[in-house]
Structures are given as C-alpha cells and as structure tokens.
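A short write-up of the structure that comes next.
Read-outs throughout are calculated quantities, based only on the coordinates presented, and are distinct from any laboratory measurement. This one's a predicted model, so the numbers in the text were calculated from it and none came from an experiment. Reconstructed Cβ throughout: ideal geometry from the backbone, glycine too, with neighbour counts over all protein chains shown.
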Amino acid sequence: MKKIMLASLMMAMLILSGCSQKNPEVDMTNQNATQSEVQNADTKADNLAGMDANNMDTQGVENVNNNAGMQTNNVEQMIAIIEEKVNKVYFDFDKYDIRPDMQSVIEANAAILNSDEAKDFSIKVEGNCDEWGTDEYNYALGLKRAKSVKDALIALGVNENRVMIVSYGESNPVCTDKTKECWAKNRRAEFKLLP
C-alpha cells in the first residue's frame, strides 16, 4: 500500500513539475519589416483567408512554386560561380602549415569569399590527405589542414562565424594513381559554399 501511495505521490509531483506556465518571450528589437510591409502581408493574408479553397486560383499557386524554384536555382548558380573562382590549397607530405606558394591562393580566396556576392554564404573548408598513414591519422591531419586554412582566412578578414571545417582524411581522393604527382593532388583543402 505504501508503494502505491509513494508511486502516486511521485507521479503527481512529476506531472505538476513538468507543466510550465511561462509565456514564450519574443525579441522585438530586430524588426526588419517596415509598417507598410506588415500591412501588405496582412492584406494578402486576409485575401487568402477569404478565398474558397475549392475555387482557389491554381495559376497563382503555380507562380509561387515557380518563383521559389527560380530563387533556389539562382542561389545554386551563384554558389557554383563563386566555387569555380575559389582555388584549392595544397600541402606538403605530412604537413598542415600553409606553404609560401599557397599564401597568394589563400589571399585571393579570402577576397572572393569577402565579396558582396559571397558574403551571405557559409564556407565549409574540407581537409583531405593522400593514402599514406592510418585512417585515424589522416582524419586528424585533414582536420589540422582545414583548421590552418580557416585561421588564415580569418586573419584576412573572413568572419569566423561563416567558416566551418571538416576532414575527409584519405576518403575523398581526386586522383587514384600510385604516383607522387597524384598523391600531391590529394593533399589539399577545398571550399564549399552553403546557403
């Protein structure tokens, strides 16, 4: 009997403590919409609310879907154009420091990534390695390479909050021949932009 009463008391306490009466707080300090934009949105919402769902203009819905698709395509095209301009950074065997001949590449990439076209995109720096060494070692080395590139970009004015790093170790080769030239191509950092 005591166990049942104790269990009931515990259940009641759990239920009562789990229900919060707090109202969510909304930060109103950063209002980007002007009063006219708000009124236009309200008018559009009222117009949509007054429409009969069975008589809704399907052409309008198709136009909205087409516009959203066009915007997505424009963003993807912009990302592709910028990524084409950004160059890979190459590293020496078993090294993660920026080579002197790669410093100008880093500077050019930072200028591109700080441009008006690219400033709204996040940047993913991908560290890669050749096939020499264990998987664990190469993942760690790839991460160090990506981090050194990130640090160099930040030093050149790229916002730190825009840059993330990832390591693919030896799992993402661009060349699979068993030659020194091929291995050198795999010791690199690449850049991907994200919306």
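Debye-formula intensities of segment 69-120, expressed as log10 I(q)/I(0) at q = 0.17, 0.18 Å⁻¹, are -0.62, -0.66 (one equal scatterer per alpha-carbon, no solvent).
Both radii come from the Cα set of segment 88-186: Rg as radius of gyration, Rh as Kirkwood radius; their ratio Rg/Rh reads 0.99.
When I81, I112 are sorted by how many other C-beta atoms sit within 10 angstrom of their C-beta, beginning with the fewest, the order is I81, I112.
Under 11 Å from a label point set 7 Å out along the Cα-to-Cβ vector of V174, the amide N atoms of segment 124-156 belong to 128. Basic side chains Lys and Arg get +1 at the Cβ, acidic Asp and Glu get -1 at the Cβ, and with that the dipole of segment 88-186 about its Cα centre reaches some 100 debye.
For F121, F191, what ranking results if the residue with the fewest other Cβ atoms within 10 Å of its Cβ goes first?
Numbers: F121 18, F191 21.
Ranking F121, F191 by Cβ neighbours within 10 Å, fewest first, gives F121, F191.
Cross-linked pairs K85/K147; K95/K119; K119/K144; K124/K180; K119/K185: Cα-Cα separations exceed 23 Å for K95/K119; K119/K144; K124/K180; K119/K185.
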